[in-house]
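Novice: Can you read through this structure? Questions will come right after.
The values are calculated or read from the model by the stated rules, or taken from the named source; none is laboratory data. Model, not experiment: these values are computed from the prediction. Positions of Cβ are backbone-derived with ideal geometry, glycine not excepted, and every protein chain shown enters the neighbour counts. With ligands, DNA and RNA removed, areas are computed over all heavy atoms of the protein, side chains included. Shrake-Rupley method; radii C 1.70, N 1.55, O 1.52, S 1.80 Å.
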Amino acid sequence: MKPRIYLSHISIASWNVQGLRGVSFNKLSDQQFLHDINQHHIIGLVETHCTSDMSIVVPGYYAYQACRSKTKNKPHGGIAVLVRNELRSGVKFYASSTADMVWVCLKKDFFGTMQDVYVGTIYLSPNNSTYNKKLGYSPFDMIEHEVAKMSNKGQVVLMGDFNARTGVCKEFITPVNSTLIPEANCISYDDECVLRVSQDCVSCCSYGNKLIDLCIASGLKIANGRVFGDPTGKFTCHKYNGSSVVDYVLASSTTLSQMRFFKVHDFRGDLSDHCLISFGLAVSVVFQVPCKKSNSRRMPRRYVWHEGADLEFRKELEALHNKEILEELPTANIDSSIGTINKLLCDVASRCLKRTGGKRCIKKKRWFNSSCSSMKQEVKSLSLKLSKTPNDVNMRHAFFQAKKRYKKQLKLARAQYKQGVAQELENAALNNPKLYWKLLQDLKKVDE
């Protein structure tokens with residue numbers, strides 16, 4: 001019988017990953033990156049830098065991609081929404097009028113909500129970018145039109161990188177900021193809305209003002225610094241010239257009340273300049289998990305022999321023999337007898353021998369040497385320190401200098417590995433054909 005799982009809420013996340021693949025990295029094979037993704041049921045990845053011919057494969061997830069048109073330069077933008085396989089039947093994808101937005105519909109019949117919930121994942125390029133100048137329309141007008149269309153069908157949530165700094169500006173109408181609105185008496189005010197806080201205490205930028213206007217026009221509220229789990233309005237982006245809040249989750253007051261938490265996760269400086277953000281949405285869903293079949297039996301734990309271990313092991317076995325336990329073994333069923341003997345031997349070994357740690361083997365890139373590993377740990381350590389002290393100029397300088405050295409080391413290690421393999425190929429071409437073909441395969445898998 002298939003096991004059944006009940007969920008009272010699902011975790012939905014957004015992350016600007018600043019490219020999934022590059023010359024010297026592949027984040028889809030990074031253990032830390034996959035671990036962070038696996039904590040969530042639905043996750044929107046923005047700035048994937050993937051084209052339509054580059055598929056995104058994450059074990060246990062269904063991936064839906066929206067890519068920008070391919071240009072002569074390296075790819076930019078791109079969105080991928082990953083949904084757990086168990087929840088796939090309750091989710092429907094909607095293409096937007098632009099490649100910078102993807103809609104996901106959470107069906108009310110599947111998730112047990114009052115209405116369908118439409119989650120839009122967004123990436124907006126910076127205001128002064130070349131891409132925006134070529135658009136020919138305002139991205140915020142497009143978003144407002146899309147939100148108005150989806151709001152007629154159900155609840156709306158927006159998440160992603162808006163490249164907008166809003167500080168602590170109010171994104172709802174109050175009697176104080178409605179004095180210049182004609183016929184203000186006809187407007188329903190939102191005085192009861194909880195004021196949000198933010199570490200990004202700046203005045204609104206150009207995009208920030210447009211985002212505030214979008215929220216007012218669409219009746220959306222910013223979850224950052226307002227929902228339980230983010231009491232200080234943590235920075236979501238750390239650049240060489242400062243930290244900011246540009247990654248948001250927007251929802252109506254009704255939907256905000258259904259959020260169990262909102263969280264800005266730890267800064268992973270070796271993976272992206274942006275922090276992963278997530279929120280928990282209240283649902284009531286029961287689904288079945290398929291059983292994993294395996295033809296192989298589980299092997300017992302391994303033991304390490306040390307000096308004098310053989311004598312201890314023999315004494316324990318003799319003690320079992322003196323207790324006449326072995327004589328009481330059932331003789332009618334050979335399988336039962338073998339199982340009992342095996343259990344006795346394991347019990348004896350556990351008392352007098354040391355067991356192996358049983359650590360999972362993490363697959364690393366072939367060229368990823370000890371220097372790369374130590375530099376990566378340094379970057380991770382400094383990124384955590386920077387997120388705790390974002391106003392420390394010296395810490396920011398130290399982090400970005402370490403990250404620069406780390407990237408150079410990755411390129412150097414990869415180049416040296418390929419050069420070494422190429423040299424061995426040249427030597428084995430005539431003398432050792434078998435080694436030649438093995439090295440050729442290693443060269444092809446250099447980035448796996």
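Novice: Would the stretch 85-94 turn up any residue that is in contact with a Leu (Cβ under 9 Å, 6 or more places away or on another chain), open to solvent by 10 Å² or more (accessible area, probe 1.4 Å) and free of Cβ contacts under 8 Å to residues at least 40 places away in the same chain? Give the steps one after another, and end with the answer.
Specialist: First, the residues of the stretch 85-94 that are in contact with a Leu (Cβ under 9 Å, 6 or more places away or on another chain): 87, 90-92.
Imposing the further condition that a residue be open to solvent by 10 Å² or more (accessible area, probe 1.4 Å) reduces the set to 92.
If we keep only those that are free of Cβ contacts under 8 Å to residues at least 40 places away in the same chain as well, we get 92.
Yes, there is a match, as at least one residue in the stretch 85-94 is in contact with a Leu (Cβ under 9 Å, 6 or more places away or on another chain), open to solvent by 10 Å² or more (accessible area, probe 1.4 Å) and free of Cβ contacts under 8 Å to residues at least 40 places away in the same chain.
Novice: I need the full set of residues from the stretch 112-137 which are open to solvent by less than 20 Å² (accessible area, probe 1.4 Å), closer than 30 Å to L7 by Cβ and not hydroxyl-bearing (S, T, Y), in order please. Lay out the reasoning, then the answer.
Specialist: So the first thing to find is which residues in the stretch 112-137 are open to solvent by less than 20 Å² (accessible area, probe 1.4 Å), and the list is 117-125.
Subsequent filtering for residues that are closer than 30 Å to L7 by Cβ retains 117-123.
Of everything in the stretch 112-137, those that are open to solvent by less than 20 Å² (accessible area, probe 1.4 Å), closer than 30 Å to L7 by Cβ and not hydroxyl-bearing (S, T, Y) turn out to be V117, V119, G120, I122.
Novice: Further question on the same structure: Pairs please, first residue from the stretch 374-390 and touching a residue at least 60 places away in the same chain (Cβ under 8 Å), second anywhere and basic (K, R), Cβ atoms under 7 Å, 6+ apart in sequence or on different chains.
Specialist: Here the result reads V379/K403; S383/R268; L386/R396, each pair linking the stretch 374-390 to a residue that is basic (K, R).
Novice: Test L87 against the criterion of being under 27 Å from S253 (Cα atoms) and in contact with a His (Cβ under 7 Å, 6 or more places away or on another chain), and give yes or no. Steps first, answer last, please.
Specialist: Numbers: under 27 Å from S253 (Cα atoms): yes; in contact with a His (Cβ under 7 Å, 6 or more places away or on another chain): yes.
Here the answer is yes, as L87 does meet what is asked.
Novice: Conditions: (1) farther than 29 Å from Q31 by Cβ; (2) of a type outside the set (V, I, T); (3) modelled with pLDDT of 75 or more; (4) open to solvent by less than 60 Å² (accessible area, probe 1.4 Å). N394 meets all but one. Number of the miss?
Specialist: Unmet condition: (4).
Novice: Follow-up question, since we're still on this one. If you take the residues in the stretch 79-104 that are farther than 23 Å from D36 by Cα, part of a strand (DSSP E or B) and not aromatic (F, W, Y), which one is modelled with the highest pLDDT?
Specialist: The residue in question is K92.
Novice: Hey, L439 hits all of (1) open to solvent by less than 50 Å² (accessible area, probe 1.4 Å); (2) in a helix (DSSP H, G or I); (3) within 28 Å of H274 (Cβ to Cβ) but one; which does it fall short on?
Specialist: (3)
Novice: Can H40 be described as in a loop (DSSP other than H, G, I, E, B) and in contact (Cβ under 8 Å) with a residue 40 or more places away in the chain? Quick ask: steps written out before the conclusion?
Specialist: On the way: in a loop (DSSP other than H, G, I, E, B): yes; in contact (Cβ under 8 Å) with a residue 40 or more places away in the chain: yes.
It is true that H40 is in a loop (DSSP other than H, G, I, E, B) and in contact (Cβ under 8 Å) with a residue 40 or more places away in the chain.
Novice: Quick one: in the stretch 370-391, which of the residues that are of a type outside the set (V, I, T) and in a loop (DSSP other than H, G, I, E, B) is least open to solvent (accessible area, probe 1.4 Å)? Break it down stepwise before answering.
Specialist: Filtering the stretch 370-391 down to residues of a type outside the set (V, I, T) leaves 370-378, 380-388, 390-391.
Now drop any that are not in a loop (DSSP other than H, G, I, E, B), which leaves 390-391.
Numbers: P390: 19, N391: 134 Å².
Per the stated criteria, the residue is P390.
Novice: Tell me, which residue of the stretch 37-57 that is in contact with a Pro (Cβ under 9 Å, 6 or more places away or on another chain) and open to solvent by less than 20 Å² (accessible area, probe 1.4 Å) is nearest to K107 (Cα to Cα)? Before you say what the answer is, go through the steps one by one.
Specialist: At the first step, the residues of the stretch 37-57 found to be in contact with a Pro (Cβ under 9 Å, 6 or more places away or on another chain) are 38, 48-51, 54.
Narrowing further to those that are open to solvent by less than 20 Å² (accessible area, probe 1.4 Å): 48, 50-51.
Details: T48: 27, C50: 28, T51: 29 Å.
Top of the filtered list is T48.
Novice: Here is a follow-up. From the list R68, R88, exactly one residue is within 24 Å of V147 (Cα to Cα), in contact with a Ser or Thr (Cβ under 9 Å, 6 or more places away or on another chain) and among the basic types (K, R). Which is it?
Specialist: On the way: R88 fails: in contact with a Ser or Thr (Cβ under 9 Å, 6 or more places away or on another chain).
On inspection, the qualifying residue turns out to be R68.
Novice: With closer than 30 Å to F313 by Cβ, under 25 Å from the mean Cα position of the chain (by Cα) and either among the charged types (D, E, K, R) or at pLDDT below 95 (or both) as the only criterion, which of R360, R405 stands out?
Specialist: Values: R405 fails: closer than 30 Å to F313 by Cβ.
Going through R360, R405 in turn, the sole match is R360.
Novice: Still on this structure: Does the stretch 60-78 contain at least one residue that is touching a residue at least 12 places away in the same chain (Cβ under 8 Å), under 26 Å from V283 (Cβ atoms), outside any strand (DSSP E or B) and under 16 Å from the mean Cα position of the chain (by Cα)?
Specialist: Step one: filter the stretch 60-78 for residues touching a residue at least 12 places away in the same chain (Cβ under 8 Å), giving 60-70, 74-78.
Checking the rest, the ones that are also under 26 Å from V283 (Cβ atoms) come to 60-66.
Keeping just the survivors that are outside any strand (DSSP E or B) gives 60.
With under 16 Å from the mean Cα position of the chain (by Cα) added as a condition, the list becomes 60.
Yes, the stretch 60-78 contains a residue that is touching a residue at least 12 places away in the same chain (Cβ under 8 Å), under 26 Å from V283 (Cβ atoms), outside any strand (DSSP E or B) and under 16 Å from the mean Cα position of the chain (by Cα).
Novice: Right, another one. Of these, S203, S284, S244, which one is closer than 24 Å to I143 by Cα and open to solvent by 20 Å² or more (accessible area, probe 1.4 Å)? Write out each step before concluding.
Specialist: Working: S284 fails: closer than 24 Å to I143 by Cα; S244 fails: open to solvent by 20 Å² or more (accessible area, probe 1.4 Å).
Matching residue, one of S203, S284, S244: S203.
Novice: Let me ask you something else. Quick check on this structure: which one of L34, L28, L20 is closer than 15 Å to S272 by Cα, touching a Cys at 6+ places or on another chain (Cβ under 8 Å) and open to solvent by less than 70 Å² (accessible area, probe 1.4 Å)?
Specialist: Residue meeting the stated conditions: L20.
Novice: Separate question: Would you say S11 is at pLDDT 95 or above, small (G, A, S), surrounded by fewer than 21 Cβ atoms within 10 Å (Cβ to Cβ) and under 15 Å from the mean Cα position of the chain (by Cα)? Steps first, answer last, please.
Specialist: Details: at pLDDT 95 or above: yes; small (G, A, S): yes; surrounded by fewer than 21 Cβ atoms within 10 Å (Cβ to Cβ): yes; under 15 Å from the mean Cα position of the chain (by Cα): yes.
For S11, the condition - at pLDDT 95 or above, small (G, A, S), surrounded by fewer than 21 Cβ atoms within 10 Å (Cβ to Cβ) and under 15 Å from the mean Cα position of the chain (by Cα) - is met.
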